[in-house]
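Following: one structure in structure tokens, then a few remarks.
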Amino acid sequence: MIVVMQPAAEEAEVKGVCEYLETAGLAVHLSQGVERTIIGAIGERAKLSGLALEALPGVEKVVAILAPYKLVGRAFRAEDTVVGIGPLTVGGRTIQVMAGPCAVEDREQLIETAHLVKEAGATILRGGAFKPRTSPYAFQGLEAKGLEYLAEAREATGLLIVTEVMDAHTLPLVARYADILQIGARNMQNFFLLREVAQIDKPVVLKRGPSATIEEWLLSAEYIVSGGNPRVILCERGIRTFETYTRNTLDLTAVPVVKHLSHLPVIVDPSHGIGKWRYVPPMARAALAAGADGLLVEVHPRPAAALCDGPQSLTPDNFRALMAELKGLAAFLGRDM
Ligand code: PEP
Ligand code: MN
């Protein structure tokens, strides 16, 4: 349930309500809106019933949240969440572009890509050091060495780093290097991993599972937020449908839907979403038009030689051309880029 405080409620009254809820054995989450404070109370139904919250000073009303997700829903927070990552924000006016190779392959490949995506206007460098591959015989990533190259690329360019964490065992290592942790599509419902990243003080890009409904995706986000980490960025990356011509079906309908249901920022990965480089630019443009707060795009200096996802990777020239177009589109949409 949520407790909506009166606009003029004092700090001591908010504190009083929080203490009352905690004494009843409930987890308390505060949302300080522009107008008023909202207090989320999460716990078993038995503990929620029988409370006399309306009797407490400063309380305007008590509302049951009917959606299965609570803290990530608009009922808990009406304003858009703006996730801060060092000097950058995701979810505000500014559109952030995260770009780079699917996998970190070697030092030169990564540093070269980092410089070129930065010059084209990207602010965050992507690159997998631990790769979830369908085949056990495919390139699995450079692991720790890959993280070192990512750190070196950050040092050389000033770009922030987003990279995938695949399990709890390697989380401390990945978190030492990453500015943003990526939970891949295949791990969206690895609830144990979600609980672990909830305890790390780093933003999380949570990709949508290939066959996850929007509700399941939001419930996975709820795991992270309720576990103590409010900095979640949702990433639509395509779902599995009957269509085989494209790698996945990029579900751009999810962008306005999720932005209506949730206050969390939403970004789009058109590269995995469609799986063929030729169609990445139109889908990137469509994502921004649909309201996405950012993009995750695969770029490789020589896609034909890529160890992973070459067919969907943009060449440097194609990425530069796309970024120039997106800047114009962002301005038209009233956003900065
Ligand atoms: C990736 O970003 O390289 C990746 C593996 O993505 P996904 O988890 O969406 O398949
Ligand atoms: Mn990839």
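Brief remarks follow.
- Checked against the criterion of being surrounded by fewer than 20 Cβ atoms within 10 Å (Cβ to Cβ) and either within 16 Å of ligand 2 (Cβ to nearest atom) or assigned to a strand (DSSP E or B) (or both), the candidates A324, A304, A331, A286 yield just one match: A304.
- Of everything listed in (1) touching a Gly at 6+ places or on another chain (Cβ under 7 Å); (2) touching a residue at least 40 places away in the same chain (Cβ under 8 Å), the single unmet condition for A122 is (1).
- Within the span defined as region 110-119, one or more residues are away from ligand 2 (no atom under 16 Å from the Cβ), modelled with pLDDT of 95 or more and surrounded by 24 or more Cβ atoms within 10 Å (Cβ to Cβ).
- Filter result (closer than 18 Å to A185 by Cα and either away from ligand 2 (no atom under 14 Å from the Cβ) or part of a helix (DSSP H, G or I) (or both)) within region 136-155: P136
- Criterion: within 22 Å of P203 (Cβ to Cβ), surrounded by 15 or more Cβ atoms within 10 Å (Cβ to Cβ), in contact (Cβ under 8 Å) with a residue 24 or more places away in the chain and of a type outside the set (K, R) - qualifying residue of V72, V3, V59, V14: V72
- Among (1) among the hydrophobic types (A, V, I, L, M, F, W, C); (2) within 16 Å of ligand 1 (Cβ to nearest atom); (3) without any contact (Cβ under 8 Å) to a residue 60 or more places away in the chain, the one test that C235 misses: (3)
- In region 140-175, the qualifying residues are those that are small (G, A, S) and out of contact with any Cys (no Cβ under 9 Å at 6 or more places or on another chain), and the one that is nearest to E196 (Cα to Cα) is A168.
- Restricting region 37-65 to residues that are among the basic types (K, R) and modelled with pLDDT under 90, the residue that is farthest from the chain's Cα centre (by Cα): K47
- Selection status of A103, modelled with pLDDT of 95 or more, touching a Ser or Thr at 6+ places or on another chain (Cβ under 6 Å) and farther than 23 Å from G291 by Cα: no
- Which listed residue is in the same structural domain as L110 (by TED's automatic domain parsing), within 16 Å of ligand 2 (Cβ to nearest atom), in contact (Cβ under 8 Å) with a residue 60 or more places away in the chain and buried (at least 20 other Cβ atoms within 10 Å of the Cβ), from V297, V280: V297
- Residues in region 83-108 that are within 17 Å of R154 (Cβ to Cβ), more than 11 Å from ligand 1 (Cβ to nearest atom), among the small types (G, A, S) and not in a loop (DSSP other than H, G, I, E, B): A99 only.
- Contacts under 6 angstrom Cβ, first residue in region 22-48 being under 24 Å from R231 (Cβ atoms), partner among the charged types (D, E, K, R) and not in a loop (DSSP other than H, G, I, E, B), 6 or more apart: L26/K47; V28/E22
- Long-range neighbours under 7 Å by Cβ, at least six apart or interchain, first residue assigned by TED's automatic domain parsing to the domain that holds A156 within region 99-113, second among the basic types (K, R) and modelled with pLDDT of 95 or more: A99/R126; G100/R126; A103/K131
The values are calculated or read from the model by the stated rules, or taken from the named source; none is laboratory data. Remember, predicted model here, so these are calculated numbers, not experimental data. Positions of Cβ are generated from backbone atoms using ideal geometry, with glycine treated the same way; all protein chains shown enter the neighbour counts.
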